[in-house]
Amino acid sequence: MSAGNGYKVIGTRPVRHDGVDKVTGRAVYGGDTRLSGLLYGQVLRSPHAHARIKSIDISKAQALPGVKAVLTGADLPKTGDTIVDLGEGPARLKYMSDNVLATDKTLYSGHPVAAVCASNVHIAEEALDLIEVEYEVLEAVLNLREAMKEGAPQLHPDMTTQEFGEDTGRTSNLATHFQHKLGDPDTAFASADVVIEREFNTATVHQGYIEPHNATAMWNADGQITIWTSTQGSFAARAQTGAVLDIPVSKIKVVPQEIGGGFGGKIPIYLEPIAAMLSKASGQPVKLIMTRPAVFESTGPTPGSHIKIKMGANKDGKIVAAEAYIAFESGAYPGGLVGAAAMCVFSCYDIANGLIDCYDVVLNKPRSFAYRAPGSTQACFATEHVVELLAAELGIDPLEFRLKNSATTGTRRIDGVVYPKMGCKEVLEAIRDSEHYKSAAPSGPNQGRGISLGYWFNVGLQSACTASVNNDGTVSLSEGSTDIGGSRTSIAMQFAETLSLDVDDVRAQVVDTDSIGHTDVTGGSRVTYATGWAAYKSALDVQAQMCERAAQLWEVEVDQVAFEEGVFSSGDKSYTFKELSGHLDETGGPVIGRATVNPDSGVGGSFAANIADVEVDPDTGKVQVLRFTVIQDAGKAIHPSYVEGQMQGGSAQGIGWALNEEYYYNKDGQLDNSSYLDYRIPTSLDLPMIETIIVEVPNPGHPFGVRGVGEANIAPPPAAMAGAIADAIGVRLQELPMKPSNVLAATQASEGQAALAAGG
Amino acid sequence: MKDFEYCAPKTLREAVALKAEKGEAARVLAGGTDLIVQLRGKRFAPDRVIDIKNIADVNELSYSPRKGLIIGAGVPCWRVYNDAEIAELYPGLIDSAAIIGGIQIQGRATFGGNLCNSSPSADTIPSLMTHSAVCNLIGPNGKRKVPVVDFCTGPGRNVLEPGEILVSLQIPGIKKNTGAHYQRFIPRNEMDIAVVGVSSQVVLANRGKEFKEARIALAAVGPTPIFAAAAGEALAGQAVSDEAIAAAAAAAQSLATPISDMRGPAEFRTHLVGVLVKRTLEGAIARARGKFVANAVQEAAG
């Protein structure tokens, strides 16, 4: 296999290192954790969307034979008003703690109120029924726009609105209001030849991982706690658990297990402190696995939104001004994802004047969390709609219109960021040059094609890596990034490339928090970028040490040793990496390379685009995807199959978000579709083979040019689907999901208007 | 899940005694694809679960032109659709059997269980109704027969008395020039519960140009599956035409009493009744005329 570009390993497609364990079922996921004396825990959850807890009587549950411990929010340490930043931005510790176990109020149906552990899971379940909770049911608010109104039921009577960085002192469900402004939007709109404004609503959706949340904990008699869990960040889980339990992180070891999907939803903790406290109380290890309804009712989701977009352009097709109003659900506690939406809403275009007006709103739903390019999908759905309308109004081909306005090197985003070298234009050109785009659009009745363009900024953050050289010339690589998308292999590949090793000679493993330096979460598409960079740097460290060993053996100065193509040499003497590895014992013992990184600049954002062909059943409103292509800038694709897998995965999730996914609450604020039967993610029968086109515009801020590819791909699908549906039936929807009943209602409304117009 | 007693009787007599003894606190287990989920979801907490699959009578699957089709209450879907003769004669029933869950579910799930679970959205019940199926029941007071159209009384409720068990479903032999078709609307292409389901059966006369008889039944648009008798009866004697079909669709719509829930708003469901009555009548007519009409699985397989 040749990789081109002078690379030997990067760009090839080796079998993934964790593949055999996963396809043979031997991989150990969180739920597979087994320890002697293990107890099983269960969590009691509030049936009410909003209630005051008047009393909890656990005596009957405690008396049930087999029950070992019962826990309520009162057992967690009092947190006061501490503000903590544990990987997801600053937050009030009380909010984090109350989300683990409610104390005074329950703020969503599914909010944990108590937990038990018992000798088996059935006894634990029975014990839940014996816990008596007296609630004072309060009026709940589950609609974003209702929650923002004056007089709406208040979730946090002491929460005051932060506006433009100042505390207003006003209590309301509006947690934060902020703006970004660039240039002079008012004047620019006044000068525009065409101005279009539209309003959008998107539903609350779940990340939809298949593996439920789990945690197993052992609180040892010496005060040391070990937690086995499926998490996106073992260090984040350690920090959050330590904060909630008010114990130093040094007392906690988190052992990350294999993870069955996270997509952002396994960054926060839910069960870890409960498992630890139950273990402390019982003196035995305790395992908890969430039920599927609990996963839907109390984890994730990602926010529903209300967005208004106004854009103005000149006759020559240049966008001159843009304005966005973005209100996001934050769920039960403040600190939602509207900030990220603001960074993405106009990020694909070079626009000199703009205003982005953002609102973070609490309401009686579970606390919102990240979901793959959080905030970008909602924003992209709205912006691309208006972009399409502007192009149509100006009579310019929509792809040409995007190319004309494409963000590029030096573009200043409305939120202030100035782009380094970016692949926006290249991604658009890849649409234009693709076989799919050049092929005739489907022309049957009710068939259509749409395109869209989306963005995710990616992050850097801290990573650590150690590399231990074995005497047979293989390398054991330890890193702390929990592996969700095959990152062990793509990190091993970057290490192998640096030292010209065979990729199968580098074994990467994800180790626990006592065994590696602090590594931030697997999120923000950062792992291949940042942990890969740490692997590269640790390989250079190994190289330097190995050169010293060679110098010692050959009795030359170290600067007289060269290393090229995997061979150390000096004059006529040479050793391959493997040969030299056999001489480590005689030159001072093992070689361990190490590196840490915290790249704050150089993170390369990624653009992604779609071409979608659909057919709509005009009688039922059901949309069938006929053909779907995803195009994305990977900077440099380390393992192209994984890059394609990320692109296809994001597309599948984006199509689900577009067509059917939504939280459906009943009038009492309870979630009626907390199962994969009624929370409808696409199945294999709902998707065509998703075609991929990798664009490579190397990121100048990374040794191999990597841009994270995990997220941008989920941004454009709903917009592309909306465009395709519009092309098919002439109605452009402003609401997600575009489920059959919504598509049909929109069609009927449009026909009604047409009939009225025709009838005069 | 609460502990329960598990019994696997070998005779109907034993089964009836076991069930009668516990009354409402006993549940019958056939395929278990509903019951086990319900036990885990705490919808029921029975003291006793009676597995009927060891009883010979409930495993009968037979066809004869005189007695028609007998489907024992324990016969899983796959046995029905894998029987070439039955599949040939009753494609309208296979439409239902082939779309209940996936392959694994169809390996266990039964027509009898689907009926006794009495969900308004059950996929087999409308087809059983249009095929004039009759339930053979046995209880402490002996045997009785109840037409499927009279079986369900509410969501999850039916005419079974305490101690009474469904033994089999009996479906009359197929008359000449008969065709039936079931379709459900789901937002995805598989693995969903019907938003609306419709079965239509027609008997044609006058070389396929006229309706002799028609039966239409609806799922998921009322507290029980609905036998839309009036919608079918109005077709008898009429020429096969778009107008007649549209009138039947409208008549069926007027009999639907759907609710709005996570599977769809009420007005959307009423609309879908019209769409599916039309589509299933067209499918039934085509089959009555000897044409092949693919079911959902055949369609997905291309």
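Remarks
- Count of segment A:568-614 residues which are open to solvent by 80 Å² or more (accessible area, probe 1.4 Å), within 42 Å of the chain's Cα centre (by Cα) and not small (Gly, Ala, Ser): 7
- In segment A:440-452, the residues that are farther than 19 Å from A:VAL743 by Cα form Cβ pairs under 8 Å with partners that are assigned to a loop (DSSP other than H, G, I, E, B), at six or more places apart or across chains, as follows: A:SER452/A:PRO716.
- Within segment B:37-59, considering residues that are at pLDDT 95 or above and surrounded by fewer than 16 Cβ atoms within 10 Å (Cβ to Cβ), the one nearest to A:ARG292 (Cα to Cα): B:ASP47
- Lone qualifier among A:ARG45, A:ARG52 - being within 30 Å of A:ASP98 (Cβ to Cβ), touching a strand residue (DSSP E or B) at 6+ places or on another chain (Cβ under 7 Å) and open to solvent by 80 Å² or more (accessible area, probe 1.4 Å): A:ARG52
- Listed by first and then second residue, the pairs linking a residue in segment A:481-507 that is of a type in the set (D, E, K, R) to a residue that is surrounded by fewer than 23 Cβ atoms within 10 Å (Cβ to Cβ) and part of a helix (DSSP H, G or I), with Cβ atoms under 7 Å apart and 6 or more places separating them unless they lie on different chains, form an empty list.
- Restricting attention to segment A:615-637, the residues that are within 14 Å of another protein chain (Cβ to nearest Cβ), open to solvent by less than 10 Å² (accessible area, probe 1.4 Å) and outside any strand (DSSP E or B) total 2.
- Residue list for segment B:190-220, restricted to those being within 14 Å of chain A (Cβ to nearest Cβ) and among the acidic types (Asp, Glu): B:GLU190, B:ASP192
- The residue that is farthest from the other protein chains (Cβ to nearest Cβ), among those in segment A:720-760 that are among the charged types (D, E, K, R) and out of contact with any helix residue (DSSP H, G or I) (no Cβ under 9 Å at 6 or more places or on another chain), is A:ASP727.
- Residue in segment A:681-698 that is modelled with pLDDT of 95 or more and under 20 Å from the mean Cα position of the chain (by Cα) present: yes
- Being under 15 Å from B:LEU276 (Cβ atoms), open to solvent by less than 60 Å² (accessible area, probe 1.4 Å), part of a strand (DSSP E or B) and not assigned by TED's automatic domain parsing to the domain that holds B:PRO155 is true of B:ILE216.
- Residue satisfying condition, being under 19 Å from A:LYS78 (Cα atoms) and buried (at least 23 other Cβ atoms within 10 Å of the Cβ), within set A:PRO285, A:PRO248, A:PRO273, A:PRO256: A:PRO273
- Verdict on A:ALA539 being over 22 Å from A:LEU584 (Cβ atoms) and not in a loop (DSSP other than H, G, I, E, B): no
- Residue check: B:PRO140 meets all listed conditions (1) without any contact (Cβ under 8 Å) to a residue 60 or more places away in the chain; (2) away from chain A (no Cβ under 14 Å); (3) more than 25 Å from B:ALA250 (Cβ to Cβ); (4) over 16 Å from the mean Cα position of the chain (by Cα) but one, namely (1).
- In the set A:ALA327, A:ALA341, A:ALA332, only one residue is within 19 Å of A:GLY654 (Cβ to Cβ) and of a type in the set (A, V, I, L, M, F, W, C); that residue is A:ALA341.
- Any hit, segment A:536-555, residues being within 14 Å of chain B (Cβ to nearest Cβ), of a type in the set (S, T, N, Q) and within 30 Å of A:ARG372 (Cα to Cα): no
- Selection over segment A:176-188 of residues that are open to solvent by 20 Å² or more (accessible area, probe 1.4 Å) and touching a strand residue (DSSP E or B) at 6+ places or on another chain (Cβ under 7 Å) gives a count of 8.
- Spans of helices (runs of 4 or more DSSP H) in segment A:58-154 with at least 2 residues of a type in the set (S, T, N, Q): A:59-63, A:93-100
- Matching residues, segment B:233-265, being more than 22 Å from the chain's Cα centre (by Cα) and in a helix (DSSP H, G or I): B:ASP242, B:GLU243, B:ALA244, B:ILE245, B:ALA246, B:ALA247, B:ALA250
- All of B:PRO223, B:PRO162, B:PRO187 fail the test of being within 14 Å of chain A (Cβ to nearest Cβ) and either part of a loop (DSSP other than H, G, I, E, B) or more than 13 Å from B:VAL277 (Cα to Cα) (or both), apart from B:PRO187.
- Condition met for B:LYS2 (under 24 Å from the mean Cα position of the chain (by Cα) and in contact (Cβ under 8 Å) with a residue 40 or more places away in the chain): no
- Residue count for segment A:399-413 under the criterion of being open to solvent by 20 Å² or more (accessible area, probe 1.4 Å) and within 18 Å of A:ALA322 (Cα to Cα): the result is 4.
- Among residues of segment A:292-308 that are within 26 Å of A:ALA382 (Cβ to Cβ), those with a Cβ under 8 angstrom from a residue that is open to solvent by 10 Å² or more (accessible area, probe 1.4 Å) and assigned to a helix (DSSP H, G or I), sequence gap 6+ or separate chain, pair up as A:GLY304/A:LEU144; A:SER305/A:LEU144; A:HIS306/A:LEU144; A:HIS306/A:ARG145.
- Subset of segment A:414-440 (residues that are touching a helix residue (DSSP H, G or I) at 6+ places or on another chain (Cβ under 7 Å) and either open to solvent by less than 30 Å² (accessible area, probe 1.4 Å) or part of a loop (DSSP other than H, G, I, E, B) (or both)): A:ASP415, A:LEU428, A:ILE431
- Residues located in segment B:190-202, provided they are in a strand (DSSP E or B) and open to solvent by 10 Å² or more (accessible area, probe 1.4 Å): B:GLN201
- Scanning segment B:243-286 for residues that are within 14 Å of another protein chain (Cβ to nearest Cβ) and surrounded by fewer than 16 Cβ atoms within 10 Å (Cβ to Cβ) yields B:ALA246, B:ILE259, B:SER260, B:ALA266, B:GLU267.
- Residue pairs meeting the criteria (Cβ under 8 Å; at least 6 apart or on separate chains; first closer than 22 Å to A:ALA340 by Cα and open to solvent by 10 Å² or more (accessible area, probe 1.4 Å), in segment A:711-726; second in a helix (DSSP H, G or I) and among the aliphatic types (A, V, I, L, M)): none
Residues are listed down the side, and each one gets a yes or a no for (1) crowded, with 21+ Cβ neighbours inside 10 Å; (2) free of Cβ contacts under 8 Å to residues at least 60 places away in the same chain:
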position	(1), (2)
A:ILE655	yes, no
A:ALA658	yes, no
A:LEU671	yes, no
A:ARG680	yes, yes
A:SER684	no, yes
A:GLU691	no, no
A:PRO698	no, no
A:PHE704	yes, no
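- Filter pass, B:ALA296 being at pLDDT below 95, in contact with a Lys or Arg (Cβ under 9 Å, 6 or more places away or on another chain) and either open to solvent by less than 20 Å² (accessible area, probe 1.4 Å) or within 14 Å of another protein chain (Cβ to nearest Cβ) (or both): yes
The values are calculated or read from the model by the stated rules, or taken from the named source; none is laboratory data. All of these numbers come straight from a predicted model, not from anything done at the bench. Note that each Cβ is placed from the backbone with ideal geometry, even for glycine, and that neighbours are counted across all protein chains shown. Note: areas computed on protein heavy atoms with side chains; ligands, DNA, RNA excluded. Shrake-Rupley method; radii C 1.70, N 1.55, O 1.52, S 1.80 Å.
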